[in-house]
1. State log₁₀ I(q)/I(0) for the stretch 108-208 at q = 0.20 Å⁻¹ as given by the Debye formula over alpha-carbon point scatterers of equal weight, solvent excluded.
2. Once each part is reduced to its C-alpha centroid, what is the distance from the stretch 192-231 to the stretch 137-172 in angstrom?
3. Antiparallel DSSP bridges in the stretch 567-713: what percent, to the nearest 5?
4. Give the residue list of trypsin sites (Lys or Arg not before Pro) in the stretch 214-256 that are DSSP loop and have at most 16 other beta-carbon atoms within 10 angstrom.
5. Could you pull out the GluC sites (Glu not before Pro) across the stretch 253-353 that fall in loop regions by DSSP (anything but H, G, I, E, B) with no more than 13 other Cβ atoms inside 10 Å?
6. Can you tell me, using C-alpha contacts under 8 Å and at least 6 residues apart, the relative contact order of the chain as a whole percent?
7. By the scheme Lys and Arg +1, Asp and Glu -1, what is the net charge of all other residues having a beta-carbon under 10 Å from that of A84?
8. Kindly state, to the nearest 0.05, the FRET efficiency for A295 paired with Q466, given R0 = 51 Å and r defined as their beta-carbon distance.
Amino acid sequence: MKNTKKNVDDSENQKQQDLKLNKSDGTNQFMTTDQGLKINDDTNSLKAGERGPSLLEDFILREKITHFDHERIPERIVHARGSAAHGYFQVYESMEKYTKAEFLQDPSLKTPVFARFSTVAGSRGSTDLARDIRGFAVKFYTEQGNYDLVGNNVPVFFIQDAIKFPDLIHAVKPEPNNEMPQAASAHDTFWDFISLMPETMHTIMWVMSDRAIPRSLRMMEGFGVHTFRFINAKNESHFVKFHWKPKLGTHAVVWDEAQRISGKNSDFHRQDLWEAIENGNYPEWELGVQIIPEADEHKFEFDLLDPTKIVPEELVPVTLIGKMVLNRNPDNFFAETEQVAFHPGHIVPGIDFTNDPLLQGRLFSYTDTQLSRLGSPNFHEIPINRTIAPMFNNQRDGHMRQEINVGRVSYHPNSLGGGCPFQAKIDEGGFTSFNERIDAHKVRDRSESFSDHFSQATLFFNSQTQVEKNHIIKALRFELGKLETIAIKTRMLGLLSQIDETLADKVAQGLGLKVPSSPEKPINHGVGANADKQKYEPKKVTQSVKSSDALSMIKNKTLSKTIATRQVAFLCSEGVHQASINAMKTALEKAGATAKIIAPHLGTIKTSEGNELAVDQSFLIAASVLFDAVYIPGGKNAGFLNSNVEAIEFINEAYKHCKVIGADEIEILGKTHIDDKVDKNEEYGIIINSKTNDKNFTKEFIDAMGNHRFWNRETEL
Ligand code: HDE
């Protein structure tokens with residue numbers, strides 16, 4: 001893909017200027033060895049005679065091959081597959097009442113950011129469209145040091161204690177005997193673990209929902225998951241939950257579509273993010289916070305420290321406090337996207353942790369993992385990780401140290417170096433941890449307030465529309481349907497029946513099984529051998545919020561009607577009506593969408609007006625799953641497309657995935673599955689030009705696209 005760099009923001013921020021120090025561009029330069037020696041022949045190795053053996057002396061060959069042999073580093077143990085971009089964050093108004101973090105004070109300040117989105121389970125080369133949680137990690141290069149908000153697109157997590165993380169990941173990763181399946185949770189080991197850990201149920205509901213198959217990385221929410229703290233200048237603490245709300249709304253594809261996209265273009269999300277930024281369609285999110293006074297810590301039906309719980313927006317509204325704009329693609333995937341090292345422990349004064357036991361474990365893991373992944377405690381010196389704040393301390397040496405620390409002194413306290421570098425007082429920006437009072441026994445235990453594993457899973461399920469509930473049921477039928485072990489499926493049905501009986505019944509129907517009449521009592525098998533099992537028996541606590549619109553993507557107020565950046569396939573052939581194409585294309589482009597001409601072959605086709613029309617993709621390359629809507633212009637087009645199997649399949653598939661279909665003539669749909677719906681076309685998202693008057697046609701098509709999908713085409717379960 002060509003990199004036009006038309007997107008580059010000219011007013012380069014501090015981080016871009018900092019990165020410039022390490023950029024290298026070989027344009028108009030001689031090729032050299034790593035030592036700077038100009039190379040005369042990069043095509044032939046040094047040999048004893050034209051047909052003779054290569055000589056050990058060939059240092060040019062040796063250097064090149066050696067470097068190549070060591071090009072790979074270990075991929076991330078989780079979140080290996082990711083895509084990232086640069087941008088900035090700007091607060092709307094000072095948050096001084098709650099936090100002293102400097103990047104949250106001044107609305108005119110643009111803080112540089114680097115955001116990386118990822119799947120969790122798959123390897124670096126796996127498909128973007130796996131059913132999975134998406135990582136949503138943002139590094140803020142603040143003047144007080146780097147702040148990393150390392151979140152996910154789902155607001156809760158599977159487990160409550162970091163000590164179970166290796167088990168969870170071992171269970172979801174490909175099975176260790178045969179390394180199958182890749183980037184998929186639909187296998188026995190994952191569901192075996194899940195079915196024995198009822199605390200996973202709330203997150204399972206989210207992962208089985210369409211949230212786990214986003215339409216675009218630009219169209220998903222982000223969440224900090226844990227409860228954090230804001231600390232203000234008076235050293236007062238408020239609990240805070242972080243949210244990212246996408247300006248384009250939160251949208252998903254359907255599961256059948258996701259699987260096909262994986263075959264047609266496994267880089268679908270990566271390409272979408274890259275192209276949006278290259279084309280100047282900068283993705284934007286608003287940062288939202290739920291702020292909870294310290295005094296309210298114990299006021300809820302759940303524990304704020306429990307990462308398997310949300311704080312319903314009905315109880316604490318989300319206040320939007322700023323925006324993030326991503327406006328620049330990385331120059332080099334490895335140097336930036338691969339080498340960036342996020343860490344929830346990278347914080348700045350004004351932000352602090354809570355005692356969430358999952359967060360506490362993460363605070364250890366993220367530095368530790370960089371040591372094996374990036375190979376040295378000096379990973380903070382890699383340009384993408386380097387802070388823009390002044391950085392001085394007495395850490396020294398280690399593999400690949402870049403910094404040349406001058407002077408005799410590398411210890412504190414010292415007199416030989418005049419006591420430098422100095423410790424900073426609080427009013428000089430020195431970081432101090434919030435001095436929370438802790439008075440406790442040392443125990444390997446869990447609070448009883450963490451024992452309600454089902455109520456919020458039920459809240460999530462109850463908050464969904466029927467369409468969304470059906471998708472969850474189908475996802476569970478798919479995932480559990482892939483299992484070999486019946487006992488795991490049955491155990492899962494038992495757990496699902498604790499969330500909602502209809503849910504369990506419907507899933508059971510699809511599996512050809514019955515919900516166990518006396519399901520195994522849901523015990524948290526993940527507790528220690530000495531634990532009082534009674535204490536860990538899941539409890540249901542009545543929730544004051546019974547249904548929350550914010551949890552449903554369809555009801556969600558962040559669902560935007562805009563069709564900006566959406567892609568529409570125009571199915572064309574010889575004799576297509578150029579005027580129709582022009583009218584629709586102009587209207588779509590005005591609404592920010594893009595039209596692509598799909599035809600039987602590449603090159604050009606002749607329109608009914610006699611012009612040559614440039615083709616973007618042939619039917620061999622294109623597929624309906626890569627587009628948001630389909631339009632079939634009139635002219636002599638109808639006859640050809642009606643007999644073209646690929647065109648018919650294209651339309652049928654778009655129909656199956658509930659996408660908007662527009663056609664100039666009804667006849668063109670004669671051979672497709674649609675004909676019985678054309679009488680009620682608007683209701684089903686099928687817009688026929690000959691039925692509307694010309695002027696309204698493009699508007700109706702665009703309005704229909706604003707509904708995104710026409711779920712009434714889906715059959716009831
Ligand atoms: Fe992570 N996680 N995680 N995680 N995580 C990593 O760090 C870990 C958790 C998240 O784009 C690793 O640098 C533990 C929750 C994101 O580079 C590793 C636990 C949330 C990314 C690690 C969790 C996340 C990671 C792997 C349980 C959402 C990708 C490579 C205690 C709030 C960041 C790396 C990127 C990456 C450990 C749970 C988000 C191994 C031990 C909860 C977005 O350190």
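Derivation of every value follows stated rules applied to the coordinates shown; laboratory data play no part. All values reported here derive from a predicted model rather than from experimental measurement. FYI the Cβ positions are ideal-geometry reconstructions off the backbone, even for glycines, and counts take in every protein chain you see.
1. Rounded to two decimals, the profile gives -1.05.
2. Computed from Cα coordinates, the inter-centre distance equals 11 Å.
3. Antiparallel bridges: around 20 percent, rounded to the nearest 5.
4. Taking the stretch 214-256 and a limit of 16 other Cβ atoms within 10 Å, the loop trypsin sites (Lys or Arg not before Pro) found are K234.
5. E314
6. Contact order relative to length: 12 percent.
7. Surrounding charge for A84 is +1.
8. Given R0 = 51 Å and the Cβ-Cβ separation, E is 0.80.
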